[in-house]
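Enquirer: To start, I am sharing the structure in question, which I have written as C-alpha cells.
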Amino acid sequence: MLLTEKSTAEKFIVSSNSHSSPNQGLLPITATINDKNHLVIGGCDVTELVTKFGSPLYILDEQTLRTSASQYRDAFQEFYAGESQVIYASKAWSCMAIASILASEGIGFDVVSGGELYTTTKALEISGFTTEEISNKIYLHGNNKSVSELELAIDSKCKIIVDNWLELETLARLTAEKQKSVNILIRLTPGIECHTHDYIRTGSIDSKFGFDANQLEAVFTFVKEKQFLNRNGLHAHIGSQIFELQPHNDLAGVLADWFKKAIDYGLPLTELNVGGGLGIRYTESDDPPSITDWVKTVAQAVTKACEERNLALPKLIAEPGRSMVATACITAYTVGGRKVIPHVRTYISVDGGMADNPRPITYQSLYQVVIANKMCSENTEIVTIAGKHCESGDILIKNIEIPDTQPGDTLVVLATGAYNYSMASNYNRIGRPAAILVNEGEANLIIRRETYDDLVKQDLLPSRLVISN
C-alpha cells in the first residue's frame, strides 16, 4: 500500500527503528506493520494475540529486552576499565520469565522485598543457575526490611544494601546469632537534585532512603566493629526518569569522597553502586539520552573521581529498571463504548485502566497510543481514553489524536513494561491481566490472567456468618 504521507502510527515505527537505543523508541524494536495494516510485535500480529489470549494483555518483546540488557552490559565493558555489574531494578516488573532472560544476559538483580527475592531466586534455580551464582547476582534493597526478609537474605547469601540504623543494628544481631556473615553496602543520601517527579526523586536530602551524610562516620565506626558484617561498598540513587546527565557526574564525586573516607576508616570497600534512573521516551516530545551515552557518562565520571582521589577503580554497579524493560512491552485493550459531550469531550472506553496501569492517576504520567488494527489510518479525532473502573479519575490518556475507532478495535498503549504489571491491583475485584512473551513469531504465556476464583482464593468466611439449614 503506497502512502504519500505516513500515518502517526507508522511514524512511531520509523522513529523507533531509527534509534539504536531501545529507551529512545516509542515501540519495541521488532515493531512492524503487516499486509492487514495490523501492528506486529516479535513477529506476532497484536490483534490476533488479543483474540487468542484476551485483553487487557501485556505483550513483552524478548528481543527488545535482550537488546537493552546487552547494551548496558557491553557499554560498561567498553567505557569502564575496572570490573562492572549491571543489576536490574526488579521493582519495574518482577516475574520469573524476565528474571530468567536477564540472568542469561549476565544481568544481576536489585530486589526490594522478600517477594522479589523469592521470585528471582526461584526463577534462577529453575533456569539452572547454581546457588553461588544466584547469591552473587542479587542485592536486597528497602528502607524498612522486616526481620523475616533480612533472615531470608542472610540465608540466601545475597548482598544487602543497608538503609538505616535499625536495619544495621538488626543485621548485626541476626548475623551474630546465626554465626553467619553477610555482605553489605551502605546507602547514603547524596543531596543531589534532578528534574523529575517528586514521588520518584530519591537523591535529595529530604528523602526516606539512606543514611544522611552526617551519619556516615558513625556508621563506619559501627560496622568496623561487627565481625559478621562484610563491608563491600557504598550505594546512592538520585531518582528516576531522568534525562539529564550532569547529576550523574555530581554523584560520582560525592560517592568517591565517601568511598575514600571509608577506606581511611579501615573499611576494605570494593564496590560502588551508582543506582539507575535513565529515562525513556513515553511521548513524541521526550528526548532521553541513549543507554550508551548514559553508561559512558557514569563510567567516565567514576573513573575521573577515583583518579583525582588516588583510589583504585572499584567494582562499578548500576541499577537500570525502567530503561531496560519499559519500551519492551505494550498493553493491548479492546475498545468499548463511546460518550460524546458536544463541544466538550469525546470519551472512548477500554476494558482496562487504572488497575493495570495506575501511573496516569498516580503520577499524571503521559503515554502514546496506536490502534493496532488500523496502523495505516490517519488520525481523525481527538478523544480521551477512559478506563472501565468505577472512578472518575480512571483516565489513561486525555485529548489524544487517533483514527476513528469502533467497538472491538484493538487499542494499544505504548511503553508499559515498567511499573504497570508490578503496580497492578484488583480494584473493583477485577483480575490482573495476562502477560505474554513474543519472539520470532512465537507467543508464550508468562503470567496467567487472574480468574474470579483467584480473586476469592484468600477470602475467609467465618462460620458464624454461614446460614445453616
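The values are calculated or read from the model by the stated rules, or taken from the named source; none is laboratory data. Just so it is clear, the structure is predicted and the values come from calculations on it, not from any experiment. Note that we place each Cβ from the backbone using ideal geometry, even for glycine, and neighbour counts take in every protein chain shown. To get the accessible areas, we keep the full protein, side chains included, count just its heavy atoms, and leave off ligands, DNA and RNA. Shrake-Rupley method; radii C 1.70, N 1.55, O 1.52, S 1.80 Å.
Enquirer: Quick check: at a probe of 1.4 Å, how many percent of the accessible area of the chain sits on carbon and sulfur atoms?
Expert: Heavy-atom surface of the chain belonging to carbon and sulfur, 1.4 Å probe: 48 percent.
Enquirer: How much solvent-accessible surface does Tyr421 expose, in Å² to the nearest 10, with a 1.4 Å probe and all protein chains in place?
Expert: Here the accessible area works out near 50 Å².
Enquirer: Heavy-atom accessible area of Leu269 with all protein chains present, probe 1.4 Å, nearest 10 Å²?
Expert: For Leu269, solvent-accessible area is about 20 Å².
Enquirer: So how much slack lies between Glu284 and Ser127, counting 0.36 nm per residue of separation and subtracting their Cα-Cα distance, in nm?
Expert: Values: separation 157, 0.36 × 157 = 56.52 nm, distance 3.80 nm.
Stretched out fully, the Glu284 to Ser127 stretch lengthens by 52.7 nm.
Enquirer: Now for a different question. Relative contact order for the chain using alpha-carbon pairs under 8 Å, separation at least 6, rounded to a whole percent?
Expert: Over the chain, the number comes to 20 percent.
Enquirer: Let me ask you something else. Given the alpha-carbon gyration tensor of the range 69-173, what are the semi-axes of its equivalent ellipsoid in whole angstrom, ordered largest first, with each equal to the square root of 5 times an eigenvalue?
Expert: Listed largest to smallest, the semi-axes of the range 69-173 are 24, 17, 12 Å.
Enquirer: Calculate the FRET efficiency for Ser156 and Lys224 from the Cβ-Cβ distance with a Förster distance of 25 Å, rounded to the nearest 0.05.
Expert: FRET efficiency, Ser156 to Lys224: 0.50.
Enquirer: For Cα Rg over 2.2 N^0.38 Å, the choices are (1) 1.04; (2) 0.97; (3) 1.25; which was calculated from the structure?
Expert: So the calculated entry is the one marked (1).
Enquirer: Return the calculated 222 nm mean residue ellipticity for the chain, to the nearest 500 deg cm²/dmol, obtained by summing -39500 (n - 2.57) across DSSP H runs with n ≥ 4 and dividing by the residue count.
Expert: -9500 deg cm²/dmol
Enquirer: Using the C-alpha atoms of the range 1-76, what convex hull volume per residue, in cubic angstrom, is computed?
Expert: 101
Enquirer: Val456 versus Leu166, label points 7 Å from Cα toward the beta carbon: distance in nm?
Expert: About 3.8 nm separates the two model spin labels.
Enquirer: With only Lys, Arg, Asp and Glu charged, each at its Cβ (+1 for the first two, -1 for the last two), find how big the charge dipole of the range 77-200 is about the Cα centre; round to the nearest 20 debye. Display every interim value, and only then the final one.
Expert: Details: 10 positive and 17 negative charges, 53 e Å.
It comes to approximately 260 debye.
Enquirer: Charges only on Cβ, +1 for Lys and Arg, -1 for Asp and Glu: so what's the dipole of the range 230-333 about the Cα centre, in debye to the nearest 20?
Expert: 360
Enquirer: Another one. Modelled label-to-label distance, Arg449 and Thr32, 7 Å Cα→beta-carbon offset: nm?
Expert: Reported label-point gap for Arg449 and Thr32 is 2.8 nm.
Enquirer: A further question follows. Keeping all protein chains in position, work out how much accessible area Val223 exposes to a 1.4 Å probe, and write it in Å² to the nearest 10.
Expert: 0
Enquirer: Along the positive direction of the dipole of the chain (beta-carbon charges: Lys, Arg +1; Asp, Glu -1; about the Cα centre), which of Thr32, Leu185, Val413 reaches farthest?
Expert: Sorting the options by dipole projection puts first Leu185.
Enquirer: Let me spell out the model: positive unit charges on the Cβ of Lys and Arg, negative unit charges on the Cβ of Asp and Glu, origin at the Cα centre of the range 259-314. What dipole size does that give, in debye rounded to 20?
Expert: The calculation lands at about 260 debye.
Enquirer: Hey, can you find the accessible area per residue of the range 359-458 for me, probe 1.4 Å, expressed in square angstrom?
Expert: Per-residue accessible area for the range 359-458 comes out at 48 Å².
Enquirer: Between the range 376-411 and the range 211-255, what is the C-alpha centre distance in whole Å?
Expert: Value for the Cα centre distance between the two parts: 45 Å.
Enquirer: I would also like to ask the following. Using alpha-carbon pairs under 8 Å, 6+ residues apart, how would you state the relative contact order of the range 126-284 in percent?
Expert: Relative contact order here is 21 percent.
Enquirer: Show log10 I(q)/I(0) for the range 237-347 at q = 0.12, 0.23 Å⁻¹, two decimals, from a solvent-free Debye sum over equal Cα scatterers.
Expert: Each listed q maps to, in turn, -0.55, -1.21.
Enquirer: Give me the percent of DSSP beta bridges within the chain that run antiparallel, rounded to the nearest 5.
Expert: Expressed as a percentage, antiparallel bridges in the chain total about 45.
Enquirer: Using only the Cα atoms of the range 411-467, construct the convex hull and provide its projected area averaged over every direction, in square nanometres to one decimal.
Expert: Mean projected area of the Cα convex hull: 6.2 nm².
Enquirer: Kindly provide log₁₀ I(q)/I(0) values, in the same order as q = 0.27 Å⁻¹, from the Debye equation applied to equal alpha-carbon scatterers of the range 218-271.
Expert: Debye intensities relative to I(0), on a log10 scale: -1.06.
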